[in-house]
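I have placed the structure first, in the form of structure tokens, so that the comments after it can refer back to it.
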Amino acid sequence: MTAPDLPAELKAALDARLQGLSRNDAAERAALISQTYRDGGGSSAIRTAADALAYALARMPATYAAVTASLNALREIIPDFAPKNLLDIGAGPGTATWAAAEAFSSLQRFTLVDANSALRALALDLLGGSLRLRDMTYQRGEARAALADAEAAELVVASYMIGEINDAEQSALTELMWAKTRDTLLIVEPGTPAGYGRIIALREQLIASGAHVAAPCPHDGRCPLTTPDWCHFAQRLPRSRAHKQLKSAELPYEDEKFSYVALTRAPVAQHPARVLAQPVVTKVEVTAKLCTPDGLVIAKVPRRARVDYARARRWRWGDAVMGEANSTAGRAGERRDP
Ligand SMILES: C[S@@+](CC[C@H](N)C(=O)[O-])C[C@H]1O[C@@H](n2cnc3c(N)ncnc32)[C@H](O)[C@@H]1O
């Protein structure tokens, strides 16, 4: 599985662009961009090369970690998936392209699409230093128009992008992204109720069009979670010194919350349960919230079931747990049909 931290080549390229940069200026730009996101303004605050760099320094490590965690989950379910080409929609600084290149050595052709000139210019600059990625194609333009002419790809990714499209257009873009997907479509969004809501809407739309869910859900049925609950995960990532300065943060790490769905054209062979929250481990039992093919289960694995207990102690939020969750050991609690 791929590590959540930026690949050395990308880290070095970003570090090189930090030289001579005023950290205060970059921090102010990053704060303004974050505020614009919080106010629903999307990437519109990113206009200049300095804005694009501030955005990349502040956010690229976290969105990279979330995309990597989602790709790791996908690879665990479909270990023989070896896409040759990638389409990265709303690619921004190229985050998902870097993550997919790390995850799949099979990838040979990379096409990126984005409407933002400043982010595109930064992406081209960063990708230009990579022997493997420098021959990519990066189309500048509005996603729907650009996608109409784009070649379909085996892996299509849209990370932290759908939230920038208005509700009326999300469904049309979803249909177009699926039309351009030869095998697998991965959508990653912030791990907020709103991000989850967008994932669920497009998941339902595409299942109705014949798609199958590879991850995180172990079924193609309705999501068993109900408001105020929502399906999301967390990926811990290290913070560099510059990253800490830029975010005025103390901790040497951050936890990026994200929601995602990976949809495939062919049904997947295995449907392991998914751990939906960090399990609670006591000396008596492990209690874990699981999404299973049969619905939501609060699994209780007692210590007396020694082998199962030892396994369940190692479960982490976001893990796919094969077999164990279907065992009868200590299963209890809530159960709803998907
Ligand atoms: C939050 S950034 C995410 C960038 C990158 N995918 C990542 O994960 O770091 C969202 C990106 O989507 C792009 N975007 C938003 N709406 C778009 C549209 N209608 N057409 C093309 N790109 C769009 C923005 O320009 C921006 O680069």
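The values are calculated or read from the model by the stated rules, or taken from the named source; none is laboratory data. Note that the coordinates shown come from a computational prediction; the quantities given were computed from them, not determined experimentally. Backbone-built Cβ (ideal geometry, glycine too); neighbour counts: all protein chains shown.
Summary of values
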{"quantity": "Residue list for region 156-165, filter: modelled with pLDDT under 95 and more than 9 Å from the ligand (Cβ to nearest atom)", "calculated": "none"}
{"quantity": "Evaluation of Val113 against (1) surrounded by fewer than 20 Cβ atoms within 10 Å (Cβ to Cβ); (2) modelled with pLDDT of 95 or more (one fails), failing number", "calculated": "(1)"}
{"quantity": "Candidates Ala211, Ala215, filtered to the one that is surrounded by 14 or more Cβ atoms within 10 Å (Cβ to Cβ), more than 30 Å from Leu21 (Cβ to Cβ) and under 15 Å from the mean Cα position of the chain (by Cα)", "calculated": "Ala215"}
{"quantity": "Which listed residue, of Ala121, Ala148, Ala153, Ala172, is surrounded by fewer than 18 Cβ atoms within 10 Å (Cβ to Cβ), in contact (Cβ under 8 Å) with a residue 40 or more places away in the chain and more than 8 Å from the ligand (Cβ to nearest atom)", "calculated": "Ala121"}
{"quantity": "Candidate set: region 274-284, residues that are in a strand (DSSP E or B) and more than 19 Å from the chain's Cα centre (by Cα); chosen: the one surrounded by the fewest Cβ atoms within 10 Å (Cβ to Cβ)", "calculated": "Val280"}
{"quantity": "Qualifying positions in region 28-73 - under 26 Å from Pro216 (Cα atoms), in contact with a helix residue (DSSP H, G or I) (Cβ under 8 Å, 6 or more places away or on another chain) and away from the ligand (no atom under 14 Å from the Cβ)", "calculated": "Asn72"}
{"quantity": "Ala91 vs. criteria among the small types (Gly, Ala, Ser), farther than 19 Å from Gly163 by Cα and either surrounded by 19 or more Cβ atoms within 10 Å (Cβ to Cβ) or in contact with a Pro (Cβ under 6 Å, 6 or more places away or on another chain) (or both)", "calculated": "no"}
{"quantity": "Residues satisfying the stated conditions in region 126-145, i.e. surrounded by 23 or more Cβ atoms within 10 Å (Cβ to Cβ) and within 9 Å of the ligand (Cβ to nearest atom)", "calculated": "Ala143"}
{"quantity": "Filter result (of a type outside the set (Ser, Thr, Tyr) and surrounded by fewer than 16 Cβ atoms within 10 Å (Cβ to Cβ)) within region 19-31", "calculated": "Gln19, Gly20, Leu21, Arg23, Asn24, Asp25, Glu28, Ala31"}
{"quantity": "Hits in region 29-74 (condition: more than 22 Å from the chain's Cα centre (by Cα) and touching a residue at least 12 places away in the same chain (Cβ under 8 Å))", "calculated": "Arg29, Leu32, Ala45, Arg47, Thr48, Ala49, Ala50, Asp51"}
{"quantity": "Helices (runs of 4 or more DSSP H) wholly inside region 87-167 containing at least 1 residues that are hydroxyl-bearing (Ser, Thr, Tyr)", "calculated": "95-103, 117-127"}
